[in-house]
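To start, the structure under review is shown below, and the notes come after it.
The values are calculated or read from the model by the stated rules, or taken from the named source; none is laboratory data. Since the model is a prediction, treat every value here as computed from it, not as a measurement. Heads up, the Cβs are rebuilt from the backbone with ideal geometry, glycines too, and the neighbour counts pull from every protein chain shown.
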Amino acid sequence: MTNTVHCVKLGKDAEGLDRAPYPGELGQRILANVSKEAWQLWLAHQTMLINEYRLVPIEPKARAFLEGEMEKFFFGAGSDAPEGFVAPDDT
């Protein structure tokens with residue numbers, strides 16, 4: 001059975017996640033307020049951040065940075081791409 005959430009990122013009702021994608025209170029907020037579609041947008045954005053900043057996700061500083069960006073991406077003013085970032089041309 002699928003659940004529906006009013007997605008804070010997309011501003012519409014959409015299919016919610018099956019389980020919390022992150023531990024703790026932030027994970028529970030994401031589960032209650034973020035759609036599967038928006039979670040996929042975050043994963044793509046997170047991958048870009050990891051690549052552009054050359055982060056090692058197992059390092060505590062990198063994890064803290066990504067958690068802060070996730071919070072901003074969903075519940076704040078948004079997470080920006082690094083200065084000078086140019087998205088690849090998908091043609």
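Observations on the structure shown:
- For region 1-34, a tally of residues being among the small types (Gly, Ala, Ser) and crowded, with 18+ Cβ neighbours inside 10 Å returns 1.
- Filter result (under 21 Å from SER79 (Cα atoms), of a type in the set (D, E, K, R) and not in a helix (DSSP H, G or I)) within region 1-34: LYS9, LYS12
- In region 59-91, residue farthest from the chain's Cα centre (by Cα) [restricted to those that are of a type in the set (Gly, Ala, Ser) and exposed (fewer than 14 other Cβ atoms within 10 Å of the Cβ)]: GLY84
- Flag for ASP13 being at pLDDT 95 or above and among the acidic types (Asp, Glu): yes
- Qualifying residue in region 35-50 (condition: surrounded by 16 or more Cβ atoms within 10 Å (Cβ to Cβ) and assigned to a loop (DSSP other than H, G, I, E, B)): no
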